1. Pick out the one residue from LEU93, LEU112 that is over 22 Å from PRO27 (Cα atoms), under 11 Å from the mean Cα position of the chain (by Cα) and either open to solvent by 40 Å² or more (accessible area, probe 1.4 Å) or aromatic (Phe, Trp, Tyr) (or both).
2. Could you list, in sequence order, all residues of the stretch 42-53 that are surrounded by fewer than 13 Cβ atoms within 10 Å (Cβ to Cβ) and touching a helix residue (DSSP H, G or I) at 6+ places or on another chain (Cβ under 9 Å)?
3. Need the failing condition index for SER105 against (1) farther than 21 Å from ARG11 by Cα; (2) open to solvent by 70 Å² or more (accessible area, probe 1.4 Å), just the number.
4. Of all residues in the stretch 56-75, which are free of Cβ contacts under 8 Å to residues at least 12 places away in the same chain and open to solvent by 80 Å² or more (accessible area, probe 1.4 Å)?
5. Criterion first (open to solvent by 70 Å² or more (accessible area, probe 1.4 Å) and touching a helix residue (DSSP H, G or I) at 6+ places or on another chain (Cβ under 9 Å)) does ASN3 satisfy it?
Amino acid sequence: MQNKKQLIIQRIFGTLYILAGISKFFPEIESVEDVLENAAIFNNGTLLEKPTLWMSEHHTFMAYFIGCAMITAGLVLILNRFAVKPALYGTLLMMICFMTFLHSSQPEVVALDLPFILASVYLLVKRKS
């Protein structure tokens, strides 16, 4: 059984995931194209070059894919139903991928995504106990 503190944290982060997901659909708020283009430039000559270049070339698909994934995970966390554990694991994977591909071009991504990672780990640990 979850306590109120866990549920509040889960719903706060669920709401933040939804808002971040929505922003992916509006380049005026967050230009996924620009972010991925910069990442492709900074990852040139590294192991991440080819996948980052592919994502940059398919930025519209990536924006929709990431936006939908974040909104879905956020809804699952807010509603506290169905697949909460898979949503938490999915958000962990997403944040780790964001940090991996963007850390060179946007070092602030580490500080921005770390709270999401910590919240996901906290909620997963609490769900197991």
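1. Values: LEU112 fails: over 22 Å from PRO27 (Cα atoms).
Selected residue: LEU93, the only one of LEU93, LEU112 that is over 22 Å from PRO27 (Cα atoms), under 11 Å from the mean Cα position of the chain (by Cα) and either open to solvent by 40 Å² or more (accessible area, probe 1.4 Å) or aromatic (Phe, Trp, Tyr) (or both).
2. Of the stretch 42-53, the ones surrounded by fewer than 13 Cβ atoms within 10 Å (Cβ to Cβ) are 44-47, 50.
Hits for the stretch 42-53 are ASN44, THR46.
3. For SER105, the exception is condition (2).
4. Scanning the stretch 56-75 gives GLU57, PHE61, PHE65.
5. On the way: open to solvent by 70 Å² or more (accessible area, probe 1.4 Å): yes; touching a helix residue (DSSP H, G or I) at 6+ places or on another chain (Cβ under 9 Å): yes.
Yes.
The values are calculated or read from the model by the stated rules, or taken from the named source; none is laboratory data. Keep in mind the model is a prediction, meaning the values are calculated, not measured. When we count neighbours, we look across all protein chains shown, and the Cβ atoms used for this are built from the backbone with ideal geometry, even at glycine. All accessible areas refer to the heavy atoms of the entire protein, side chains included, with ligands and DNA or RNA removed. Shrake-Rupley method; radii C 1.70, N 1.55, O 1.52, S 1.80 Å.
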